[in-house]
1. Considering amide H positions built from the backbone, and no H for Pro or chain starts, which residues 5 or more places from A:Leu216, or on another chain, come under 5 Å of its amide H?
2. Order C:Phe262, B:Phe107 by their accessible area, 1.4 angstrom probe, all chains in place, largest first.
3. Of A:Lys65/A:Lys493; C:Lys11/C:Lys223; A:Lys113/B:Lys226, which sit over 18 Å apart, Cα to Cα?
4. Obtain the nm distance between the two label points defined at C:Asp63 and A:Ala19 by a simple spin-label model: each point lies 7 Å from its Cα along the Cα-to-C-beta direction.
5. Relative to the Cα centre, what is the charge dipole magnitude of the range B:221-369, using +1 at the beta carbon of each Lys and Arg, -1 at the beta carbon of each Asp and Glu, and rounding to the nearest 20 debye?
6. Using the Kyte-Doolittle scale, find the helices of chain B whose mean hydropathy is at least 1.0 and whose Cα atoms extend 27 Å or more along the helix's long axis, counting only whole DSSP H runs.
7. In deg cm²/dmol and to the nearest 500, what is the mean residue ellipticity at 222 nm of chain B if only DSSP H runs of at least 4 residues count, each as -39500 (n - 2.57), divided by the residue total?
8. If you build a Gaussian network model of chain B, linking Cα atoms that sit under 10 Å apart, which residue out of B:Val330, B:Val163, B:Val317 swings the most?
Amino acid sequence: MPAAGESPAALRLEKVSHAFVSARRTATALREVSADAARGTVTGVIGPDGAGKTTLLRLAAGLLKVQSGRIEVLGIDVARDPDQARRRLGYMPQRFGLYEDLTVRENLDLYAKVQNVPAAQRHRRGGELLHMTGLEPFLGRLAGRLSGGMKQKLGLACTLVRVPELLLLDEPTVGVDPVSRRELWEIIDHLVHTEQLTVMVSTSYLDEAERCQRVLLLHEGRLVAATDPASFTARSTGRSFHVSAAGIGKRQLQEQLARTPGVIDATIQGAFVRIVTAPGAQPPADSLAALAAPLSVVAVPPRFEDSFVAQIKQVSAPPPPNTPAIATGGTRSEEEASAAMTRREGRAPSTTDEAVIFADRLTRRFGDFVAVDAISFQVRRGEIFGLLGANGAGKSTTFRMLCGLLPASDGTLRVAGYDLRHAAASARGRIGYMAQKFSLYADLSVAENLRFFASAYRLHGAQRSARIDWALEEFVLGPYLDVVSRDLPLGYKQRLALACALMHAPEILFLDEPTSGVDPLARREFWLRINALAESGVTVLVTTHFMEEAEYCDRLAILAQGRVLAAGDPESLKARARTAAQPQPTMEDAFIALLEAAAAPQAA
Amino acid sequence: MRESLERLAGLLHKEALQILRDPSALAIAFLLPAILLVIFGYGVTLDPHHVPLAVVVEQPDAITQSFVSALGGTPYFTTETFNTIQAADRAFDAREVSGIIWLRANFARQLTSRGDAPIGVIVNGVDANTARLIEGYLQQTWATWLAARSRAQGRPAGLPVAVEPRVRFNAAVSSRDYLVPGLIAIVMTLTGALLTALVIAREWEHGTLEALMVTRASIREILLAKLLPYFVLGMGGMLATLALAVTLFAVPFRGSLLVLTAASALFLLAALGMGLLISSFARNQFVAGQIAIIVTFLPAFILSGFVFDIGSMPWAVRLITYLVAARYFVAILQSEFLAGNVWSVIVPNALALLLMALIFLGAARLGARKRLD
Amino acid sequence: MWRAVFALIIKELLAVLKDPKSRMVLIVPPLLQLIVFGYAATFALNRVPIAVYNQDHSQASRDLIARFTGSRIFTQVAALNSARQINPLIDSRKVDLVLSIDRRFTRDLLTHRPAPVQLIVDGRDSNTALIVLGYANSIITSFSLHWLRSHGEPPPPAVLDIRAQYNPTLSSRWFIVPGIIALLTQVVTLMVVGLSVAREREAGTFDQLLVTPFTPGEILLGKALPGLLIGTVEASVIILAAVLWFHVPLRGSLFALYLGIFLFVAAVIGIGLMISSIAVTQQQALLGAFLFMVPSIILSGFATPIANMPAVIRKLTWINPMRHILIVVRGVFLEGATARAFIPEYAAMAAIAAVSLFAAGWLFRRRTY
């Protein structure tokens, strides 16, 4: 209970502005943000990348100097007495600073001592936290050897060794698989319940934002919305629809809908395309009349995500509708187009039964540890195939083996008829690869990166310049031509990485966690392009731990502990998890149900 | 107070565990010093010995024979006889010999008649230092030979002035005895400045410092927890080097262990201060390592009097050496090992070290804030 | 293939030159080291502080002292009047040398007895001590010869006539500055090449390279050739500085010099690539480069002659490319030698380059394919 006279808000921000000044430019991170978080509540901070979420939390934790405005933590002015404020708050940075060469126990002990937890309490508290986080069996393991999810849980445990009154969490679940994510939130909820904790958490997962009592939506440093999730969702009531059309593929339909004026957002959801219309726009049935096929448009209840996308697009000028024209090849030079066409000639632009990627009893061992255990699957031409799984399930290992970056211990694999590890270098010219971290040369400009990768794929002369022009136009990179890649906004980095991977019009595209850390808007745009590629006959293999992205896949395999747990199309996998209690399971529900089912026989 | 000690203990425990588990820390703290010690102890010496000389005697007789054997009789030279100056020149150009002694045909005649017979000497001047040392040895040998000749002939003296050199402290004039003590300064610079800067930069990179900053640990405790373990490591390195120098390489130690320890402690504090200061603005290991090598390691090598004489440097460079903490420490080290407790050397240099330690540690303390910006 | 390698070279050069950190490695340390080594690393002495204890107040003794104080090398800072003052002065390092002239000096000179002069020198810095003694000896010798001549005495039967070939004034800088060419070329090449693969591994771009149609050979060439270019340019800049700024004579053939530099850089690149293919992080690569560089510089003859080293270590220095390039650089600069003179050094460096490049290629394939 707050003492009399003390402010009821655990955190109060008054007209907080913040700018980062460097020699080259001044970047404004926050503009006059005023908000507060009531005691005992969970407040979510959401917004696209670069919206100022991290700056906000760091300011509250006293890690940055307050430049303008006023921040009060539990009634203490942070600018005046940061030490006093810090004694009462807990803060977990995006990548929590665990000492990787210390064990779980040693890390926990260190933070207990540094936070002056009395020895008697230390034991009890440590035990509780370890139990809660499920880290008990790993006490002696070095923190560096923990999986991403376990690291985050340990980080949270370290932050909580002394119960703070205000807990600040900066994207605690980035790169964490759904199961660990769920567990982390259970811990947070439990603490809010039992210890009257106030939590402020930033996240790029919108389903997490929905669990909060209040959300703060930041965009370009401004506070765009501050409300509870339900009323936020309600803002797009009457503007969400499921659209389907007979005779048109869902991808094609999505593409067309996305280009229709008045439609803010179009995503694939199961067999439907879900659209959100602009406020005051005509009912979609009318505006879509131009489309040839008869459409079925069903109004559906709004989702949080709908409002999020609508809100962001409303405040920022809509980007030029860059229609993915990969399929049409309209902007290519004649020469290039014909080169690409000969390759694809005689092939229907839809999937065929021909297996382009083929893995049979693929196995990889590291010492005694079996990372990938006799995995078999096939990917057909023009298909989007997803590899899903928790951290450490073996996705990346499988992926690296397929790309020829890691030798297989056992089993056979074929990519476009080759084992890339042993095939001639030119065979690699048939694949495109986009790594998780957008591995471009950060010091090179956009143009230099494009030129390098064009040469890397053996393009030269007119063909090379034609392809570079295509990439600049297609990905709207023209304005950034001479910008050093390091300084690109994250979304543009991702575009550039994809442009480089597609420079040589590959037949097969490998995407390793392509949307990790990217905000929901950029993710949508990205998938629109991938859709178009698949439509044009490119085979796509993608790993992801965003379960909703599995919806974009034609087929997917769910991996756990190096084995294929289940494989099939999204609908059939979701159907497996359908129960009386959950008539409309999401992909994530399905995933967790599968994992639990797999674990159950072992436990028994 | 008790709370503060408890936090410090926790941080120290962590630091100790990390040092024991990190191979690169151990490599810098122990492997590199060991390599340096072995190289300097066994491999490096500035003192030429058995310098190969070509001897061309155009008309051998008893007199030329006595001079050649006087040369060969010293530990400095080995002689190889050539018949013609052309042959000797070829060997000289091929760097097979470092010098030529040329006794011309009329040498003995001139020597016995009017004197002043020239002993032609050509030394390779490329390595100026070695050439100068060879010249010195030659003069010494020549003077001794002259004196012996005069004595044999019952004449009073070879040269009118007799030089009696007396070398204080290092009678054998062994360069090892002067290089190895200075090495302690280098070794302590590695642990104090380079390693400390690297480990703190690593904490920035891994985000562990950000996490520590929002805990109750004060900035003083965080800094202290870095200082103490590396202080122990540095002192350990000093004692190990001392032990090896005295036992393995038989370098004399004439001072007192107490004085050496105290001076080392002061120097180490200055070095740690520099390491902390570097890490407060270089937040990644690559940059921190580069800066530490340029501003601490290289100066300790070149500008400290460890190898090169400071007094002979141009004035601008000499001014810079006053900012190099190692300069003061090397002066103390060389005295402690070879001379003993020379207070007139120890006191001013120790005071300079104390001042530098205070300045660097103070600057590091002021530069460190519990903030990211 | 060459087009692909060319693209890799452009990429590599851009990556090195556009990254402020690696640009710093290329420019700042070499510049600082050139200045510091060029000016500070000298064994030549001047202004050596000395004290004089003259017990024979005569013209002869004053003449001798004048010869000391008149030389560029010595500066008299004290005149003593008691033998007890000698040791404290030396001990506190106020003077490096005390010239003590005996009471009987003039008498002995006139009576043809050896006139005693004591030279008390501080042996803590043994090299300085030896050089100081050498200088003092030659001053006294020339005094002796002059004295004999001016008093109508017969000259000594034989005198030394010393000539220093190639470096007549025995300038230490002529020795050190050409060495810096080799030293800095090695440091820079090793830093650029040694860290390059590790940097790409850390950034994840290395995987990206491996899935493109580049062959391992092309990737290796794409790493080696920029190193060769950067190393050679770096060497050329320092050669210019040596000639134009430090006025070291360049007497031999440029062809001989550049052939040597080419082989040397190739050998260093081989070693750098070996470090690069073993190291996973830049930190490890940095440490590896450091662990190689320190012994390689100390055991190269850069500052301390190889001839003075024990036989075992002398043999070991044959695998040190810097040892060979130092001979070539100093030979070309000071001795005016031509390529023919360096066949053994060229052969040794070529062999080191071949072995290290081959080993790097093997390690590289093993680590990546």
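1. A:Gly44, A:Val45, A:Ile46
2. C:Phe262, B:Phe107
3. In this structure, A:Lys65/A:Lys493 exceed 18 Å between Cα atoms.
4. Distance between label points: 8.2 nm.
5. I would put it at about 280 debye.
6. Length and hydropathy pass: B:219-247, B:257-281, B:343-367.
7. -19500 deg cm²/dmol
8. B:Val163
The values are calculated or read from the model by the stated rules, or taken from the named source; none is laboratory data. These numbers come from a predicted model, not from an experiment. Here the Cβ is made from the backbone with ideal geometry for all residues, glycine too, and neighbour counts use every protein chain on show. Side chains included, ligands, DNA and RNA excluded: accessible areas come from the protein's heavy atoms. Shrake-Rupley method; radii C 1.70, N 1.55, O 1.52, S 1.80 Å.
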